[in-house]
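Worksheet for the structure shown next.
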Amino acid sequence: MQMLWQEAESAASVVRLTNAAEVRELVAVFAAIAAEQGWEPGGALEQYTQRSVYFALRGGAWGTHLLGGLQLLLPEESGTLPCHILWPTAPLYPSRNGKPRCAHLAMLGLLGEARGHRLHFWHLGIEMWRFCIAVGITTLFIEVTPRVLPLYQYLGWPLTICGDTLLHWGEECYLCTMELPDVAQTLLRRAQNSRHYHRIIAQAFRLESEFKLAA
């Protein structure tokens, strides 16, 4: 695994997984979360591991306890993603100069003990955002239930609905897009009046006064 970020006053950290054993461990956590939530992913959690980038959140007394993570699925050269199977009229963003322009936030899940801390979702999301900016990805696709959509909007995720609700993993979901440049604007605006978002900005822009840089 590759250490990306670690909070100065706690053992919380975000790592990028770099081998198959680490990915299998996180996928098992995803499967447990899916079962708890009543989702029906079928074989989707294991189907696209070779095309995915995985980020894991760790915590606990020594920072070794796996709390959850995020799966970012990269597109084919045509820009096609698994979500286009259900929503075939969704926009396509073909690769440019061999580099992807879009990706699919296929899974974002935390164990129950970590779910109540809204910053945990941002910790994972910020490291994903930094990866996307580094490789040229500007648009993310994500399936969102009508129940959860207000939560993401409350957190400040600038989501745009681009498809009607359809059955996905046993739940009715919208297909949404999120433009990565808009994320930075949202964070900067909210950080003016929120200590929470000031901490998120510190992580996003690597402000050493707020957290420890990974080596």
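See the values below:
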item	result
Distance from region 163-187 to region 79-154 (C-alpha centre basis), Å	7 Å
DSSP bridge pairs, the chain: antiparallel proportion in percent, nearest 5	95 percent
Per-residue Cβ neighbour rank within 10 angstrom, fewest leading, Ser78, Ser52, Ser13	Ser78, Ser52, Ser13
Interchain or long-range residues, amide H under 5 Å from Leu111's placed H	Gly68
Region 103-190: chymotrypsin sites (Phe, Trp or Tyr not before Pro) falling in loop per DSSP and having at most 11 other Cβ within 10 Å	none
Qualifying GluC sites (Glu not before Pro) for region 17-81 [loop in DSSP, other Cβ within 10 Å: at most 14]	Glu76, Glu77
Length-normalised contact order for the chain - Cα pairs under 8 Å, 6+ apart - percent	19 percent
Scattering profile of the chain at q = 0.15, 0.17 Å⁻¹ [log10 I(q)/I(0), Debye over alpha-carbon scatterers]	-1.01, -1.34
Restricting region 89-193 to trypsin sites (Lys or Arg not before Pro) in coil, as DSSP defines it, with at most 14 other Cβ within 10 Å	Arg147
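Just so you know, all these numbers are worked out from the coordinates, no wet-lab data involved. The structure presented is a predicted model; accordingly, all values stated were derived computationally and were not measured. So basically every Cβ, Gly included, is an ideal-geometry build from the backbone, and we count neighbours across all protein chains shown.
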